[in-house]
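The values are calculated or read from the model by the stated rules, or taken from the named source; none is laboratory data. Please read all numbers here as calculations on a predicted model, not as lab measurements. Reconstructed Cβ throughout: ideal geometry from the backbone, glycine too, with neighbour counts over all protein chains shown. Surface areas here come from the heavy atoms of the whole protein model, side chains and all, with no ligands, DNA or RNA. Shrake-Rupley method; radii C 1.70, N 1.55, O 1.52, S 1.80 Å.
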Amino acid sequence: LSGEQEADLAAKGIMMGFVGDDGVAGDLGGGSLELIDIAGVQLNNAVTLPLGGLRLIDTTADKLDKAQAIVDEQIARVSWLSKGRGRRFYAVGGTWRALAKLHMEQTGYPLRVMHGYALPTRDAIAFCEGVRRAKKVSSLIGGDRIAKPRREVLPYGALVMERLLRELAPSEVVFSVFGIREGLVYDQLTAEE
């Protein structure tokens, strides 16, 4: 799939999982970040950025401090991000779901339902900073509950989310377990369905 097709399907996954969508969806994978503006059933402005966790690890020789400049430079290229101010940010992808799981563990969230888990932007930024600055993800409360392969990329995912939220300034971050696969199903439905 092209980056634009990935963004489109991720947005349709959000549309399948939520009602009255209004915001920007971001799907973070190992190689890239797809962003797309969702306004009800209208999809606007899609972009792919080379900000996946695995790509950042490779590009920076696993130096998180070097990754911030790359992330900031790529995010600054997206001229339409200001349209997301005060709207929701929908976070899609396994790394960001792992961040939500870690936050749920640290705050003693009583449910194990991740879909629709929401954080005010200020709280999400502070949490991402804490994850990014930790020596090891496993040293964080609940860090041992994150799968080992995800622990390596989690600080990079936290960095990308933190820097994106600072620029985007959404009202809140909403985590979605619906993504490209569900978007593909949604795309196949008739208008009536």
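Just a few scattered comments:
- The residue that is modelled with the highest pLDDT, among those in segment 127-146 that are surrounded by 13 or more Cβ atoms within 10 Å (Cβ to Cβ) and small (Gly, Ala, Ser), is 130.
- Within segment 154-184, tally of residues that are touching a helix residue (DSSP H, G or I) at 6+ places or on another chain (Cβ under 6 Å) and modelled with pLDDT under 95: 7
- Leading residue by the ranking (farthest from residue 116 (Cα to Cα)) among those in segment 2-60 that are free of Cβ contacts under 8 Å to residues at least 12 places away in the same chain and not polar (S, T, N, Q): 58
- Pairs are defined by a Cβ separation below 6 Å, a sequence spacing of at least 6 or placement on different chains, a first member in segment 155-172 that is touching a residue at least 12 places away in the same chain (Cβ under 8 Å), and a second member that is among the basic types (Lys, Arg) and surrounded by fewer than 21 Cβ atoms within 10 Å (Cβ to Cβ); the pairs so defined are 169/85; 170/87.
- Taken together, the residues in segment 7-25 that are open to solvent by 30 Å² or more (accessible area, probe 1.4 Å) and within 18 Å of residue 85 (Cα to Cα) amount to 2.
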